[in-house]
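This report concerns only the one structure given below.
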Amino acid sequence: MPKETSRTQRARRVDARSNVERIVTAGRVVLGSGEGSLDRIAAEAGVGIATLYRHFPNREAIVRAVLDDILRSDLLPLVEEAADSAHPRRSLQDIATRLLELITEERGLVTFASNFADVAVDALQQFSDSLAPLLVRAQEAGEVRDDLTAADIPHFLVMGIAGLALPGTTASMRARFIALLFDALHPAQATRLPPLRDDEHQDLGSAISRVVKG
């Protein structure tokens, strides 16, 4: 009897994981097509709405899970591949370009959650943290100015998102202006960055909120 109970419990855990994966995949599909609803996501996942709510009690939980999935499946592999890159600044630029493409493709996420900025800030911070070693390598190679810090990365990305991930921005426009943006990181003839006081660090969530409200 205990063995049977143990097998049953394992089967339930596997089934629960399967449901979560299906819901997250469905969430990305539905939200990627524009504004969606929890009912549509449940239908796409092939589960009942009660099952969806059991794992994701609100819209924000769905958005957080989809953002985590995007981070794991689309962005972090690029960071890992760039670990041995001979041109780390170019790799940083390519990764930032992919981030902007994904934000453009997944615009439904922005409108689905009322507090998208609060939900997105954790994912952006985690992504920025993953880029820190690549930034250091680029600085050691003399490809990126040495006064840029790891704490600057998320704000630098938000600056790019604000101008280059808006509806109607074409791929060629993104490529053109992200190249211009990254040229500002080159140490040659760079003006030394003015320091920030401790009380001047902008709240990242507020910055993202202003961008998505546009």
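Taking every residue in region 169-187 that is closer than 18 Å to Leu157 by Cβ and pairing it with any residue that is of a type in the set (Ser, Thr, Tyr), at least 6 positions away or on another chain, the pairs with Cβ-Cβ distances below 6 Å are Ile178/Thr97. For first residues located in region 140-164 and β-branched (Val, Ile, Thr), partners that are open to solvent by less than 40 Å² (accessible area, probe 1.4 Å) and assigned to a loop (DSSP other than H, G, I, E, B) and lie 6+ apart or on another chain with Cβ distances below 7 Å form the pairs Val144/Leu185. For region 178-202, filtering for residues that are open to solvent by 90 Å² or more (accessible area, probe 1.4 Å) and at pLDDT 65 or above leaves 10. Could you tell me whether any residue of region 66-78 is β-branched (Val, Ile, Thr) and over 22 Å from Leu52 (Cβ atoms)? For region 66-78, residues β-branched (Val, Ile, Thr) and over 22 Å from Leu52 (Cβ atoms): absent.
Restricting attention to region 57-68, the residues that are in a helix (DSSP H, G or I) and over 20 Å from Ser18 (Cβ atoms) add up to 4. For region 157-174, filtering for residues that are surrounded by fewer than 19 Cβ atoms within 10 Å (Cβ to Cβ) and not β-branched (Val, Ile, Thr) leaves 9.
Can you work out which of the residues in region 30-56 that are at pLDDT below 90 and part of a helix (DSSP H, G or I) is least open to solvent (accessible area, probe 1.4 Å)? Filtering first and then ranking leaves Leu31. Being basic (Lys, Arg), more than 16 Å from Ile161 (Cβ to Cβ) and open to solvent by less than 60 Å² (accessible area, probe 1.4 Å) is the requirement here; does Arg59 meet it? So Arg59 fails the test.
Within region 78-101, being assigned to a helix (DSSP H, G or I) and open to solvent by less than 40 Å² (accessible area, probe 1.4 Å) holds for Val79, Ala82, Pro88, Ser91, Leu92, Gln93, Ile95, Ala96, Thr97, Leu99, Leu100. Restricting Ser91, Ser85, Ser128, Ser114 to residues that are at pLDDT 95 or above and of a type in the set (Ser, Thr, Tyr) narrows the list to Ser91.
Taking the criterion of being closer than 22 Å to Arg197 by Cβ and either open to solvent by 60 Å² or more (accessible area, probe 1.4 Å) or part of a helix (DSSP H, G or I) (or both), the residues of region 122-156 that qualify are Gln125, Ser128, Asp146, Thr149, Ala150, Ala151, Asp152, Ile153, Pro154, His155, Phe156.
The values are calculated or read from the model by the stated rules, or taken from the named source; none is laboratory data. Every value quoted in this text rests on a predicted model; they were computed, and no experiment measured them. For neighbour counting, all protein chains shown are included, and Cβ atoms are generated from backbone atoms with ideal geometry for every residue, glycine included. Accessible surface is based on the protein model in full, side chains and every heavy atom, while ligands, DNA and RNA are left aside. Shrake-Rupley method; radii C 1.70, N 1.55, O 1.52, S 1.80 Å.
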